[in-house]
Amino acid sequence: GKLNNLNIILDEQKNLQNPKEGLISSENSKIKIAVIPTNEEYIVAKEVEKFLQKD
């Protein structure tokens, strides 16, 4: 795929394990691919709150 051309290689087995956090890139990948947990609903709510508080 296109990412392979950039030496960004996903480890399919690690990805299929559906990790909550950690690296899912192949050992041969020049770029590390990480799964990072977020709380998107909280972040959106905080951004909306900041927006609504602007004058």
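We did not get these values from a lab; they are worked out from the coordinates using the rules stated. Source: prediction; values computed, not measured. Positions of Cβ are backbone-derived with ideal geometry, glycine not excepted, and every protein chain shown enters the neighbour counts.
Run lengths n ≥ 4 of DSSP H only: what is the helix-derived mean residue ellipticity at 222 nm for the chain, with -39500 (n - 2.57) per run over all residues, to the nearest 500?
-11000 deg cm²/dmol
In percent, how large is the relative contact order of the chain, given Cα pairs closer than 8 Å and 6 or more residues apart?
Relative contact order of the chain: 27 percent.
All other residues with a Cβ under 13 Å from the Cβ of residue 29 taken together, and with Lys, Arg as +1 and Asp, Glu as -1, what is their net charge?
On the way: positive: 14, 30, 32; negative: 11, 12, 27.
It works out to a net charge of 0.
Using amide H atoms built in the peptide plane, which far-off residues or other-chain residues are under 5 Å from residue 9 H to H?
Here 26, 29, 30, 31 satisfy the definition.
Scan the chain and hand back the longest stretch that contains none of the GluC sites (Glu not before Pro) lying in DSSP loops with at most 15 other Cβ atoms within 10 Å.
Longest run free of exposed loop sites: 28-55.
Number of Lys pairs in the chain with C-alpha atoms less than 20 angstrom apart, excluding same-chain neighbours closer than eight positions?
7
Per residue of segment 18-27, what does 6.51 cos²θ - 1.76 cosθ + 1.60 with θ = phi - 60° give for ³J(HN,Hα)? Whole Hz please, x for Gly and Pro, Karplus curve as stated.
Coupling constants for segment 18-27: 6, x, 7, 7, x, 8, 10, 7, 6, 4 Hz.
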